[in-house]
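The values are calculated or read from the model by the stated rules, or taken from the named source; none is laboratory data. For clarity, every value in this text was computed on a predicted model and none was experimentally measured. Glycine also receives a Cβ, built like all others from the backbone with ideal geometry; neighbour counts cover every protein chain displayed.
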Amino acid sequence: MAEKRLLYITAKRLQAYSWKGGKLLDDGAFESGDEGVTRFAHYLGSSRKALYYAVPDVTEEDFFQENIPFVGGKDRKTLLGRKIAQRYRDTSLALAVSLGTQEGGRREDRILFSSFTNTQQFQPWLAALRTNEAMLVGVYSLALIAPLVAKRLKLTTPRYLMVSLQNGGMRQSYVEDGQIRFSRLGRADPTDPRAAAEACAAESNRILQYLINLRILPRETTALEVVAFAPAAHREAYESAWGDNPLLKLTLIDLESACRTAGLNSAPPEMLGERLFLHVLAGTQPAVQFASNALRRFYHLWRARFALLAGGTAVFAFSLLLSGIRLMDVYRTNNETEQDSKQETSVTGEYNRLQANFPKTPIPREKLKSAVGTANALLRQTTFPDRFFSEISQALAAVPQIEFDKIDWEISDNPRARATAEASKTTAVAGEPSPAAAPGDANRYFEVVVISAHINTVKSSDYRGIKAVVDRFVQVLRQRPGLEVISARTPFDAITEKAIAGDASEQERDDVPQFSITVSRRIGA
Amino acid sequence: MMLERADLKRLRIPLALALLLAGAGAAALVFSEARLAEAYQLKKDGHARIEAARIRLAKVSEEELDIRNNLAELRKFEDRRMTGPEKRLEWIEAIAAIREKRRLFQVQYNLDPRRGVDYPGLAQEQSGARAVFMASRLKLELALLHEEDLLNFFSDLRTAGESFASLRSCSISRTETVFSGGGPMRPRLRASCVVDMITLNQEGKP
């Protein structure tokens with residue numbers, strides 16, 4: 001983390017402090033004027049990586065409350081800018097703080113405008129900061145820090161006047177509902193406790209009247225609590241200076257105790273109340289401050305650099321974390337895989353031990369299994385036509401008019417396809433799909449015979465005679481057990497399928513009538 | 001805008017570093033993801049293997065019984081001469097012997113190079129070098145006196161061929177009619193047949 005430096009600016013000088021681990025270290029005092037500014041520039045150059053917090057503590061600080069129409073976004077920004085410009089001649093160190101909305105009738109925003117009205121006195125310091133590219137976090141005032149101090153000290157009073165004595169003077173800040181409403185720097189002699197106490201009492205009364213006049217405080221109100229920081233030794237002086245005041249209730253807090261409660265471990269001895277405020281500022285960093293973006297440019301750059309590097313590092317770290325988790329998963333998974341592998345080795349070993357007692361096979365086991373399957377399938381479709389031919393021969397003998405010309409025998413798993421192919425051949429019907437095997441024919445094989453034959457005693461024009469002989473032959477074949485006549489092609493079939501022409505008076509031809517029959521027989525039937 | 005355009009130049013190095021860090025992180029993620037996926041795959045494969053091994057072990061008795069049954073089956077096929085080597089010379093001699101014995105008019109043969117048995121319904125692996133059974137295709141042209149000559153020829157071939165013969169097709173046609181009259185003995189039938197001589201693929205033997 002970058003070093004933090006706090007610049008306490010009064011009308012006469014700039015006092016620089018370093019803040020480390022709850023300790024404020026004196027870095028030096030720089031008097032107003034060219035020499036002081038030059039020395040300050042050298043000081044800035046000594047550490048370009050430090051973050052600077054400027055805290056002017058001057059009398060010229062204005063507070064003004066106004067209600068504005070409730071608008072949001074860009075319009076609000078424009079409106080606030082215009083209001084600031086209307087009120088302040090120099091707007092370089094001005095701010096607007098929302099005090100909440102006011103309901104009833106038109107909804108309005110209660111805005112507190114505040115500005116340093118004479119910025120000329122510390123412009124040289126700001127210029128040096130800009131020139132030296134110092135990372136100015138912001139310009140704050142003790143008034144802005146006052147609510148944070150109260151919060152750090154766990155003060156629960158809803159409205160109070162915080163009084164503290166600094167090297168710059170006596171600061172009185174009125175805080176309501178945790179937000180600054182008014183602040184003023186008055187004169188006081190820190191070396192004389194009695195005078196300081198009297199000044200505190202008198203100025204508190206004056207501010208109370210002022211707040212009532214401005215209607216910031218109601219006229220009939222309970223006693224306003226005045227939280228004053230002073231050394232414990234000055235208690236008596238404060239209490240005696242206070243007297244019996246029904247409108248103001250004094251709560252004196254020992255400055256040393258408050259510093260300890262806030263976590264300030266040590267501070268230069270010459271610091272007064274500002275040590276508490278500067279320490280709280282360094283530890284808390286309020287969002288509201290006076291400096292423009294131009295003044296804070298190098299701080300924004302630093303933040304952007306930091307965000308980029310932090311973002312990159314975060315992504316890297318997150319990725320590494322996820323990767324780590326995954327690699328642990330990998331390690332765990334690999335261990336499990338190794339365990340599985342050992343188990344597999346054990347199971348396989350047991351299997352191999354048992355397998356060693358298996359009978360020896362002439363060919364590898366897998367091939368043996370395949371060979372047996374194939375051989376069985378091969379046997380299912382292997383046969384010789386002895387019996388089939390014998391059946392056909394007996395059928396031919398039963399119909400002596402028929403004499404075969406040709407017998408085509410083959411083995412098929414789809415005898416109907418064979419018959420169709422035969423029919424296509426004779427009728428020249430192309431492109432007709434083969435019929436599917438009959439249901440139940442899967443894994444069954446058939447002997448298929450196509451018998452081409454002629455009829456001796458019937459004339460070719462005697463279709464009825466031919467049909468009668470062929471029908472008789474088919475009938476005989478069908479009577480043979482196991483035979484199935486799949487198709488029969490006679491000359492009569494031909495005349496029913498195509499156009500024919502002839503001469504009835506013509507002398508009868510000597511052609512021998514021919515036909516073909518497809519018969520199948522299931523192997524093994 | 002809090003930063004000016006000129007300020008972006010000053011952010012080049014941090015931006016590059018941030019991108020580098022993010023890139024390194026992403027690379028670490030990708031690497032670990034890949035390793036994890038690989039580890040899961042290995043585990044899955046290992047699981048599958050161990051499951052297979054367990055199933056194998058559980059079925060070891062069944063497997064032994066299968067082998068014994070297969071061996072018994074194989075012996076049956078040996079008896080049917082299906083598991084012998086290719087015997088081209090013996091087949092040719094057998095054909096000549098049968099012709100002589102049966103006094104056949106003419107037996108012409110054509111023996112093709114052997115190939116895997118690829119009949120319908122046989123396992124897919126019955127092809128190429130992986131085929132268990134091989135077929136040496138024998139194409140026969142026979143001139144016969146009558147049908148019985150053909151049946152006797154095949155009967156003799158099965159006996160004398162010392163191999164398993166699988167007849168695939170046969171076409172018998174009549175060369176002359178019964179009314180052709182007497183005269184010297186002439187072939188009356190012509191047969192064209194295809195027989196596969198089945199042998200075992202010897203490359204598979206251990």
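Summed over region A:27-60, the residues that are more than 20 Å from A:Gln285 (Cα to Cα) and part of a strand (DSSP E or B) give a count of 5.
Return yes or no: is A:Thr374 in a helix (DSSP H, G or I), at the interface with chain B (Cβ under 7 Å from one of its Cβ atoms) and in contact with a strand residue (DSSP E or B) (Cβ under 6 Å, 6 or more places away or on another chain)? So A:Thr374 fits the description; yes. Within region A:138-155, residues that are farther than 22 Å from A:Gly169 by Cα reach partners that are crowded, with 24+ Cβ neighbours inside 10 Å with beta carbons closer than 6 Å, at six or more positions or on different chains, in the pairs A:Arg152/A:Val280.
Of the residues A:Glu336, A:Glu350, A:Glu366, A:Glu344, the single one that is within 9 Å of chain B (Cβ to nearest Cβ), under 24 Å from B:Ala52 (Cβ atoms) and more than 43 Å from the chain's Cα centre (by Cα) is A:Glu350.
Of the helices (runs of 4 or more DSSP H) entirely within region B:1-114, those holding at least 3 residues that are within 37 Å of the chain's Cα centre (by Cα) and more than 7 Å from chain A (Cβ to nearest Cβ) occupy B:12-58, B:60-79, B:88-102. Within region A:251-263, the presence of a residue that is within 14 Å of another protein chain (Cβ to nearest Cβ), in contact with a Pro (Cβ under 9 Å, 6 or more places away or on another chain) and part of a helix (DSSP H, G or I) is excluded. Given (1) part of a strand (DSSP E or B); (2) within 14 Å of chain B (Cβ to nearest Cβ); (3) not aliphatic (A, V, I, L, M), identify the lone condition not met by A:Gly324. Evaluating A:Gly324 over (1) part of a strand (DSSP E or B); (2) within 14 Å of chain B (Cβ to nearest Cβ); (3) not aliphatic (A, V, I, L, M) leaves (1) as the failure.
Every test in (1) free of Cβ contacts under 8 Å to residues at least 12 places away in the same chain; (2) crowded, with 16+ Cβ neighbours inside 10 Å is passed by A:Ala96 save one, and that test is (1). Tell me, please, whether a residue that is crowded, with 16+ Cβ neighbours inside 10 Å and either over 27 Å from A:Ser164 (Cα atoms) or aliphatic (A, V, I, L, M) (or both) can be found in region A:113-123. No, region A:113-123 has no match at all.
Of the set (1) more than 24 Å from A:Val97 (Cβ to Cβ); (2) in a loop (DSSP other than H, G, I, E, B); (3) without any contact (Cβ under 8 Å) to a residue 12 or more places away in the chain, all apply to A:Ala202 but (2).
Select from region A:377-412 the residues that are of a type outside the set (A, V, I, L, M, F, W, C) and out of contact with any strand residue (DSSP E or B) (no Cβ under 7 Å at 6 or more places or on another chain) and write down the one among them that is surrounded by the fewest Cβ atoms within 10 Å (Cβ to Cβ). Looking at residues that are of a type outside the set (A, V, I, L, M, F, W, C) and out of contact with any strand residue (DSSP E or B) (no Cβ under 7 Å at 6 or more places or on another chain), I get A:Pro400. Scanning region A:62-85 turns up no residue that is touching an Asp or Glu at 6+ places or on another chain (Cβ under 7 Å) and under 18 Å from A:Ala134 (Cα atoms). Could you check, for region A:397-407, whether at least one of its residues is assigned to a helix (DSSP H, G or I) and modelled with pLDDT of 85 or more? For region A:397-407, residues assigned to a helix (DSSP H, G or I) and modelled with pLDDT of 85 or more: present.
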